[in-house]
Amino acid sequence: MDTQNNQTETNQTENVPTPAPVSCRKHVKDENATFFANLKGHIDEFVHASMDEHKACFQNTMNKILERAKAIGEKKVEVKEV
């Protein structure tokens, strides 16, 4: 009986997806820092990010690009119809 409970608990925890990071950039750039200091911070974040964070950032970026392209396409269609 205990082995059945352990198996169901294991199956339930395996199916839970890990949450994706919301933003690609974790730290807000410092307004008083130089361009190169901000660039160094951005590169450090990029290098030390996990593969899951890179995937999520890439997917978010592509979704934003596609949404913008769709919005521009819809505006062009509306202009032609008028």
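The values are calculated or read from the model by the stated rules, or taken from the named source; none is laboratory data. Since the structure is predicted, the reported quantities are computational estimates derived from the model, not experimental observations. We place every Cβ from the backbone using ideal geometry, glycine too, and count neighbours over all the protein chains shown.
Looking across region 1-51, the residues that are under 26 Å from Met62 (Cα atoms), of a type in the set (Val, Ile, Thr) and at pLDDT below 85 come down to Val16, Thr18, Val22, Val28.
Scanning region 38-82 for residues that are closer than 16 Å to Arg25 by Cβ and basic (Lys, Arg) turns up Lys40, Lys55, Lys64.
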